[in-house]
Amino acid sequence: MLLSCGQPLPLLRHTDVPPRVVENFILTGYRFPNYSLRECLLSAFRPTNETGNFWTHFLPFFIFLYYFVEVFGWEGAPHGDAQFFYPLWNYFIGVFCLLMASSMAHLLNSMSLVVREVCFFVDYGTISSYTVGSSLAYYYYIHPRAGTVETGGRNDSHMDLKPEHAGSLTSSYAILDFSVFFETFYIPSACVVAIICVLSCCNTRQRWRRHRYLIRTFVFLLPFLVSSTPIFYRLLTRSPYLSASSSFAASTSMSSFFYRHCLWLLMSAVFNISKFPERLAPGRFDIWGHSHQWFHCCTFLSILDELHMIKTEVRAILLSPTLLLPPAVLSRLPGPTVASTYGVMFLLQTTIISIIVWFSWHANSIHGPERDQLAKDHPKKPLKCH
């Protein structure tokens with residue numbers, strides 16, 4: 001915090017702050033609780049053990065934005081507010097909330113013990129919102145060809161396909177009929193799992209604290225598996241596009257982006273659970289290079305590869321005009337609407353906010369007295385300049 005002499009208060013050791021604030025193997029660089037909002041914001045430009053956590057999610061958002069807006073400049077792309085892009089905008093909302101909430105949680109959590117709890121409740125909520133945003137993008141840009149049997153009509157990628165080949169193509173990507181799951185249960189399942197994850201992660205801040213990092217890491221494995229179902233299906237079946245078509249060429253990199261997406265997620269889980277490298281040298285990586293910063297970097301790289309994967313599927317659809325949503329005769333899947341995209345996200349966010357409010361009220365009842373006692377024991381006094 002800035003004092004009357006312009007000098008910031010010295011950063012503290014782990015023995016000088018409440019146990020609730022201490023992170024495993026991080027010994028120094030702690031800001032004292034009860035920072036003001038202004039002091040928290042200014043601490044972004046001061047090396048503390050949270051500075052790297054802030055910048056490793058704040059700056060990447062602008063990298064994500066750069067690659068995201070590229071889609072709207074593609075040839076043949078509809079206007080940015082077209083129905084076709086509703087799922088993509090919901091995906092953007094999910095990523096934006098995730099990166100901004102995470103960076104702000106690390107920047108503002110020194111305002112008080114209660115604010116610290118609320119910050120990370122919001123952080124967990126936005127992670128779940130992001131997974132549902134991803135599910136909506138998968139549903140509308142990958143699902144339409146995930147288990148759909150062609151029922152007629154002409155597709156530019158099928159124009160030169162002979163009848164005998166058409167039959168084999170149709171059966172090749174309809175090996176198993178998961179249409180009931182995709183059309184009826186996929187999005188509701190993603191939402192239910194997201195809510196379960198918020199409840200579980202918030203609970204780790206009030207109970208199950210001994211294994212909190214393990215629980216928080218693995219509890220998000222379930223939404224990944226549910227959300228990625230359309231991709232798993234695509235990987236286990238043949239592409240619906242002709243090998244000579246431009247749509248096929250555009251979608252060929254989808255699998256490599258997905259595998260890289262999974263690799264980065266695995267790496268982020270390893271860093272989050274292992275607390276490497278600070279576990280090997282406690283105190284050496286307090287400011288820069290500790291595991292949570294690497295966790296943030298790997299998480300963002302997984303999001304970036306996911307964006308590239310979604311973009312390949314969007315481009316493939318744009319290169320096949322008759323597949324532009326809503327489809328005419330190629331699928332029973334309805335096109336995106338305000339209710340099925342923004343409406344889903346609104347209901348999910350409302351539910352998550354309700355959960356956060358409940359846990360925040362409970363956190364205030366637990367940590368409120370401790371916060372007041374800290375304020376009494378450590379009043380803010382300006383230091384004299386020498």
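The values are calculated or read from the model by the stated rules, or taken from the named source; none is laboratory data. For clarity, every value in this text was computed on a predicted model and none was experimentally measured. Cβ placement follows ideal geometry from the backbone for every residue including glycine, while neighbour counts extend to all protein chains displayed.
In the set (1) in contact with a Phe, Trp or Tyr (Cβ under 6 Å, 6 or more places away or on another chain); (2) buried (at least 24 other Cβ atoms within 10 Å of the Cβ); (3) not aromatic (Phe, Trp, Tyr), Glu50 fails one condition alone, (1). For segment 279-308, the set of residues classified as surrounded by fewer than 23 Cβ atoms within 10 Å (Cβ to Cβ) and among the hydroxyl-bearing types (Ser, Thr, Tyr) consists of Ser302 only. Only a single criterion out of (1) over 30 Å from Pro336 (Cα atoms); (2) crowded, with 16+ Cβ neighbours inside 10 Å is not satisfied by Pro60, namely (1). If you check every pair at least six apart or on different chains, which have Cβ atoms under 6 Å apart with a residue in segment 235-250 that is farther than 20 Å from Trp74 by Cβ first and a residue that is of a type in the set (Lys, Arg) and assigned to a helix (DSSP H, G or I) second? Between residues of segment 235-250 that are farther than 20 Å from Trp74 by Cβ and residues that are of a type in the set (Lys, Arg) and assigned to a helix (DSSP H, G or I), the close pairs are Pro240/Arg145. When Arg207 is tested against (1) at pLDDT 85 or above; (2) surrounded by fewer than 19 Cβ atoms within 10 Å (Cβ to Cβ), exactly one condition is not met: (1).
How about segment 244-258: which of its residues are surrounded by fewer than 20 Cβ atoms within 10 Å (Cβ to Cβ), among the polar types (S, T, N, Q) and in a helix (DSSP H, G or I)? Ser246, Ser255, Ser256, listed by residue number.
Table: residues versus (1) outside any helix (DSSP H, G or I); (2) out of contact with any Pro (no Cβ under 6 Å at 6 or more places or on another chain).
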{"residue": "Arg234", "(1), (2)": "no, yes"}
{"residue": "Leu242", "(1), (2)": "yes, yes"}
{"residue": "His261", "(1), (2)": "no, yes"}
{"residue": "Phe271", "(1), (2)": "no, yes"}
{"residue": "Glu278", "(1), (2)": "yes, yes"}
{"residue": "Ile287", "(1), (2)": "yes, no"}
{"residue": "His292", "(1), (2)": "no, yes"}
{"residue": "Arg315", "(1), (2)": "no, yes"}
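For segment 317-354, filtering for residues that are within 25 Å of Ser245 (Cβ to Cβ), modelled with pLDDT of 85 or more and assigned to a helix (DSSP H, G or I) leaves 2. Candidates are the residues of segment 256-288 that are hydroxyl-bearing (Ser, Thr, Tyr) and modelled with pLDDT of 95 or more; the one that is nearest to the chain's Cα centre (by Cα) is Tyr259. In segment 67-86, of all residues being among the charged types (D, E, K, R) and outside any helix (DSSP H, G or I), the one that is farthest from Asn53 (Cα to Cα) corresponds to Glu75.
Of the residues contained in segment 14-37, one or more are found to be over 25 Å from Trp288 (Cβ atoms), outside any helix (DSSP H, G or I), more than 23 Å from the chain's Cα centre (by Cα) and among the hydroxyl-bearing types (Ser, Thr, Tyr).
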